[in-house]
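First up is the structure itself, then whatever we jot down about it.
The values are calculated or read from the model by the stated rules, or taken from the named source; none is laboratory data. Keep in mind the model is a prediction, meaning the values are calculated, not measured. Glycine gets a Cβ as well: all are built from the backbone with ideal geometry, and neighbour counts include every protein chain shown.
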Amino acid sequence: MTMHAELSPSASKRWLMCPGSMILNKDLPNPANDYTHIGTIAHEVAECCLVRGDDPERYLDWWGFVNAQGGAGVMKELGPGSDKVFTHRVDRDMVDAVKVYVDVIRADIAEMCGPEVKVEERVSMEWLAPGMFGTADCIAVEPLGLMRVYDYKNGRTVVEVENNPQAMSYGLGAMGEGNPFGIEEIELVIIQPNAPHVDGVVRRWRLTPEELIAWGVGTLAPGAEAIELGETRLKAGDWCQFCPAKRQGVCPEIRRQMFGAIDVETDSADLPVQAVPTLPDPGMLTPDQVARVLTLEPLFSSWLKDVKAKALEDAQAGRGAPPGFKMVAGRSSRKWSDETQVKARLSRHRQDVYDIALKSVAQMEKMIKAKGGDPAIELEGLIEVNRGVMLAPEQDKRKAIEPMFT
């Protein structure tokens, strides 16, 4: 069984924790969605800035595109070309996010001693896992000194830097077998401007070459070998989020965990509709059962959403709705077909056709910054913060809150 070409660093947490997913996903489609394409375009803008020395502001209102072959680019005016499967105008949010990334790298480079900088660099981990390679967003290397490996994340799902298999894999590939550059310390840097985090949008983690190699030899290499030998073990967790088997609703382990969380036994991956058990009253669950359900809730919620989307996709494609279901008209929404015509035809109503409201706090802060102002000064005393409470895992970095009543 030869599958090592599919051992990408970006999915390394999944295949290390759930090696059986490689077999489960072997023949499943895994199409990119709009969010993936937008992230690809943001990476293109960032690459242009770092390679050409541009300010991200230059690319505001340019067009980004992804073609049928998976390639991408940005251009001032969108030219002809039937191979463009996705286009997106570079908006203010993208420019601001990319600027955070570019500014961090430029500031780091300025304080390093003559670093060699590589952008969108292909790195190989073949000395540990045959056929394993990937593309690092940016690498800055001081010979006989510090190496920084940057990973830009455009999404809103928080990605931690410590013990991150993708970042560590890139670190191993960038360092190379035998550490030929004589690197003394490695800093892995995740920059995620669109995801609020208690440690900020720039998160760093340092380790020695010896520590990184020990992880590669003790975890990465054995994990890759297990897949090469056809390991079938499945394990569900937060690494399932982008797994094709989960998104297609065909993972037996997720089903098992869903019913196991409430101590309902089922051995069948093809459980008939009429056999689905009645879920217990939450008030009757034990504290341990509640803990298991809360731990798995994000996974289950995402899975159920994916199953519903897959069922609708099949129905729309003419493959039929699931037994007991049918496709019907959804809730309708109305919008103006041409706002210019609306304004012209209803001009006699003057201001009655407009609904004017203040911008949100976030929008106002962005506007003030864009004009060179200081939001903290200009908005002082004008903002009321209403923060509720929520449950979070014990490993969450936020401080626990004592109950008001005991």
Turns out the helices (runs of 4 or more DSSP H) fully within the stretch 175-255 with at least 3 residues that are over 24 Å from the mean Cα position of the chain (by Cα) and assigned by TED's automatic domain parsing to the domain that holds Leu16 are 209-215, 221-228
For the stretch 14-26, pairs from a residue that is at negative phi and part of a helix (DSSP H, G or I) to a residue that is among the basic types (Lys, Arg) and crowded, with 23+ Cβ neighbours inside 10 Å, with Cβ under 9 Å and 6 or more apart or across chains, are Ser21/Arg14; Ser21/Lys246; Met22/Arg14
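Of these, Asp83, Asp103, which one is of a type in the set (D, E, K, R) and either modelled with pLDDT of 90 or more or within 19 Å of Ile191 (Cα to Cα) (or both)?
None of the other options fit; the residue is Asp103.
Suppose the filter is without any contact (Cβ under 8 Å) to a residue 24 or more places away in the chain and outside any helix (DSSP H, G or I); does Ala291 pass it? If you could, list the steps in order and put the result at the bottom.
Numbers: without any contact (Cβ under 8 Å) to a residue 24 or more places away in the chain: yes; outside any helix (DSSP H, G or I): no.
No, not satisfied.
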With (1) in contact with an Asp or Glu (Cβ under 8 Å, 6 or more places away or on another chain); (2) over 25 Å from Gln241 (Cβ atoms) as the list, and Val361 as the residue in question, which single condition is left unmet? (1)
Could you list all residues from the stretch 193-231 that are closer than 22 Å to Trp15 by Cβ, modelled with pLDDT under 95 and loosely packed, with under 12 Cβ neighbours inside 10 Å? Leu229
Test: residue in the stretch 128-135 that is in contact with a helix residue (DSSP H, G or I) (Cβ under 9 Å, 6 or more places away or on another chain) and free of Cβ contacts under 8 Å to residues at least 24 places away in the same chain: yes
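Let me confirm something: among Asn163, Asn154, which residue is in a loop (DSSP other than H, G, I, E, B), buried (at least 20 other Cβ atoms within 10 Å of the Cβ) and modelled with pLDDT of 95 or more? Don't jump to the end; show me each part of the working.
On the way: Asn163 fails: buried (at least 20 other Cβ atoms within 10 Å of the Cβ).
The match here is Asn154.
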I'd like the full set of residues that are of a type in the set (Asp, Glu), surrounded by 12 or more Cβ atoms within 10 Å (Cβ to Cβ) and closer than 19 Å to Pro29 by Cβ, limited to the stretch 296-344. Asp306, Asp314
When you scan the stretch 120-141, do you find a residue that is modelled with pLDDT of 95 or more, over 23 Å from Gly71 (Cα atoms) and not in a helix (DSSP H, G or I), even just one? yes
Here the qualifying pairs (Cβ atoms under 6 Å; residues six or more apart or on different chains; first in the stretch 166-184 and in contact (Cβ under 8 Å) with a residue 40 or more places away in the chain and crowded, with 24+ Cβ neighbours inside 10 Å; second among the small types (Gly, Ala, Ser) and in a helix (DSSP H, G or I)) come out as Ser169/Ser12; Leu172/Gly216
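When only residues in the stretch 6-34 that are among the polar types (S, T, N, Q) and surrounded by fewer than 20 Cβ atoms within 10 Å (Cβ to Cβ) count, which is nearest to Glu126 (Cα to Cα)? Quick ask: steps written out before the conclusion?
Step one: of the stretch 6-34, the residues among the polar types (S, T, N, Q) are 8, 10, 12, 21, 25, 30, 33.
Pick out the ones that are also surrounded by fewer than 20 Cβ atoms within 10 Å (Cβ to Cβ) and you get 8, 10, 30, 33.
Details: Ser8: 12, Ser10: 16, Asn30: 25, Asn33: 30 Å.
Top of the filtered list is Ser8.
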Quick one: would you say Glu187 is among the charged types (D, E, K, R), touching an Asp or Glu at 6+ places or on another chain (Cβ under 9 Å) and either farther than 21 Å from His43 by Cα or surrounded by 14 or more Cβ atoms within 10 Å (Cβ to Cβ) (or both)? yes
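Filter the stretch 27-59 down to residues that are of a type in the set (S, T, N, Q), assigned to a loop (DSSP other than H, G, I, E, B) and touching a residue at least 24 places away in the same chain (Cβ under 8 Å), then give me how many there are.
First pass over the stretch 27-59, keeping only residues of a type in the set (S, T, N, Q): 30, 33, 36, 40.
Still in the running and assigned to a loop (DSSP other than H, G, I, E, B): 30, 33.
Subsequent filtering for residues that are touching a residue at least 24 places away in the same chain (Cβ under 8 Å) retains 30.
Counting residues in the stretch 27-59 that are of a type in the set (S, T, N, Q), assigned to a loop (DSSP other than H, G, I, E, B) and touching a residue at least 24 places away in the same chain (Cβ under 8 Å) gives 1.
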Hey, does the stretch 387-398 have a residue that's out of contact with any strand residue (DSSP E or B) (no Cβ under 9 Å at 6 or more places or on another chain) and surrounded by 10 or more Cβ atoms within 10 Å (Cβ to Cβ)? yes
Out of Asp83, Asp54, sole residue that is surrounded by fewer than 11 Cβ atoms within 10 Å (Cβ to Cβ) and of a type in the set (Asp, Glu): Asp83
